[in-house]
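Q: Please see the structure below; I have some questions.
The values are calculated or read from the model by the stated rules, or taken from the named source; none is laboratory data. Bear in mind that the values here come from a model prediction, so they are computed numbers and not experimental data. Neighbour counts are summed over all protein chains in view; Cβ atoms, including those assigned to glycine, are modelled from backbone coordinates with ideal geometry. The area values use the complete protein model at the heavy-atom level, side chains included, leaving out ligands, DNA and RNA. Shrake-Rupley method; radii C 1.70, N 1.55, O 1.52, S 1.80 Å.
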Amino acid sequence: MSTFSPFTHQHLADFERDGYVIIKDFFTPEEANLIYQTSTEDKVINEKSFDFNDSQGLRTKLALWYTPQDDIYGLYSRSARMVEAAEMILDGTVGHYHSKLMQKEPKKGGAWEWHQDYGYWYNNGFLYPEMVSIMLALTEATKENGCMQVLKGTHRMGRVEHNITGEQVGAHMEKVEEAMKQHELVYVELQPGDALFFHCNLLHRSNANLSDHSRWSLISVYNKVTNKPYKDEPASCYTPIEKVTDDALLKSGKKGIASGADFLSKDKDTEFKEEIH
């Protein structure tokens, strides 16, 4: 049976220097495939997913929820390897801000504009950029199917201004264009089970998926519990996570999410973006 590759102090050093790090086989192909098969058959995920249009009118689907439960996605985000890696990066106890299932379908999956995640989480009341995202590839991610692109080291720029582009929040392009002159552009190509860890101030984007292959990924976001937002955000983001053992995910089998989970709605997302605009 294959084993996963743990997060190490060398990974932490690379993350602090570059704003991101890739770990091959952070989850095993068996684990990634179980999550993928569960998510494609999950009726609740399908019902709760909604589209984000890019500036060209192409669409990317996502489902986003806050409090992790005992379903396969919650066991992923609460697994010891995930939580302990986030605690190493943020140097303290972490809460779970949210997880989202990104579904970029063949031929029509939209692009994501250049942005920093903290570019809009800042507006949700988080004073400090003490937040990190961990993205698990559920399918192959390639240049052809719109893999993520990052500007290496741009987390050191601090937060830049953002505005609305299509139905997305995008970074001020003057700053992005200057950053591109000084920072290496990296295409994050991944195999199922590989994980990308990235800082909340790292500039990143992705192209549309015009290939014949889906690109699905599962992203969990962690927040240092002392970074409690002053606005009304779910308590999970400042509540220490109840970790589970790393074998809990495989033991769970195909356990989908409950319909009562605290999902983000399209209306709520639109309301938030109107506040930014």
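Q: What list of ³J(HN,Hα) couplings, whole Hz, do you get for segment 194-201 from phi and the Karplus terms 6.51, -1.76, 1.60, once you set θ to phi - 60° and write x for glycine and proline?
A: Each residue of segment 194-201 in turn: 6, 10, 10, 9, 9, 5, 5, 9 Hz.
Q: State which entries of Lys175/Lys231; Lys43/Lys108; Lys107/Lys231; Lys104/Lys228; Lys61/Lys181; Lys43/Lys228 exceed 30 angstrom in Cα-Cα distance in the structure shown.
A: Table pairs above 30 Å Cα-Cα are Lys107/Lys231; Lys104/Lys228; Lys61/Lys181; Lys43/Lys228.
Q: While we're on this one: In the chain, what percentage of the DSSP-assigned beta bridges are antiparallel, given to the nearest 5?
A: Counting DSSP beta bridges with both partners in the chain, the antiparallel share is about 95 percent.
Q: Taking amide hydrogens as modeled 1.01 Å from N in the peptide plane, which residues meet the under 5 Å criterion relative to Val94, leaving out close sequence neighbours?
A: Close amide H contacts, sequence-distant or interchain: Val225, Ile241.
Q: Another question about this same structure. Could you run the Karplus curve 6.51 cos²θ - 1.76 cosθ + 1.60 with θ = phi - 60° over segment 131-143 and give me ³J(HN,Hα) per residue in whole Hz, x for Gly and Pro?
A: Running phi through 6.51 cos²θ - 1.76 cosθ + 1.60 with θ = phi - 60° gives 9, 9, 10, 10, 10, 9, 6, 9, 10, 4, 10, 9, 4 Hz.
Q: Could you state how much accessible area Thr154 has, in square angstrom rounded to the nearest 10, with a 1.4 Å probe and all protein chains kept in place?
A: 0 Å²
Q: Could you tell me the accessible area of Glu84 in Å² (1.4 Å probe, neighbours in place), rounded to the nearest ten?
A: 80 Å²
Q: Same structure, new question: Using a simple charge model, +1 on the beta-carbon of Lys and Arg, -1 on the beta-carbon of Asp and Glu, nothing else, what dipole does the chain show about its Cα centre, in debye to the nearest 20?
A: That gives the chain a dipole magnitude of about 100 debye.
Q: Gain in length, Asp91 to Tyr230, computed as 0.36 nm per residue apart minus the alpha-carbon separation, to one decimal in nm?
A: Using 0.36 nm per residue and subtracting the Cα-Cα distance, I get 47.9 nm.
Q: Suppose every Lys and Arg Cβ carries +1 and every Asp and Glu Cβ carries -1, with no other charges. What dipole size does segment 79-227 come out with about its Cα centre, to the nearest 20 debye?
A: So the magnitude is around 80 debye.
Q: With labels modelled as points extended 7 Å from the Cα through the Cβ direction, what inter-label distance (nm, one decimal) is found for Lys254 paired with Asp212?
A: Going by the 7 Å Cα→Cβ label model, 2.5 nm.
Q: Taking the Cα-to-Cβ direction at Glu178 and at Asn123 and moving 7 Å from each Cα, how far apart do the two end points lie in nm?
A: 2.2 nm
Q: Long-range amide H contacts for Met131: which residues qualify at under 5 Å (H placed 1.01 Å from N, peptide plane, sequence gap of 5 or more or a different chain)?
A: Placed amide hydrogens put Cys200 under 5 Å from Met131.
Q: While we're looking at this one, here's another question. Once you place label points 7 Å from the Cα toward the Cβ at Lys108 and Glu189, how far apart are they in nm?
A: 2.8 nm
Q: Right, another one. What residues have an amide H closer than 5 Å to that of Trp114, excluding those fewer than 5 places away on the same chain, when H is modeled at 1.01 Å from N in the peptide plane?
A: Amide H neighbours of Trp114, under 5 Å, 5+ apart: Ala171.
Q: I'd like the Karplus ³J(HN,Hα) series for segment 16-32: coefficients 6.51, -1.76, 1.60, θ = phi - 60°, whole numbers in Hz, and an x wherever there's a Gly or Pro.
A: Coupling constants for segment 16-32: 5, 6, 9, x, 7, 8, 10, 10, 6, 6, 5, 10, 6, x, 5, 5, 4 Hz.
Q: So what is the relative contact order of the chain, in percent, for Cα pairs below 8 Å that sit 6 or more residues apart?
A: Relative contact order here is 32 percent.
Q: Let me ask another. Just the accessible area per residue of the chain, please: how many Å² with a 1.4 Å probe?
A: 44 Å²
Q: Probe radius 1.4 Å, ligands and nucleic acids ignored: give me the carbon and sulfur share of the accessible area of segment 38-105 as a rounded percent.
A: 40 percent
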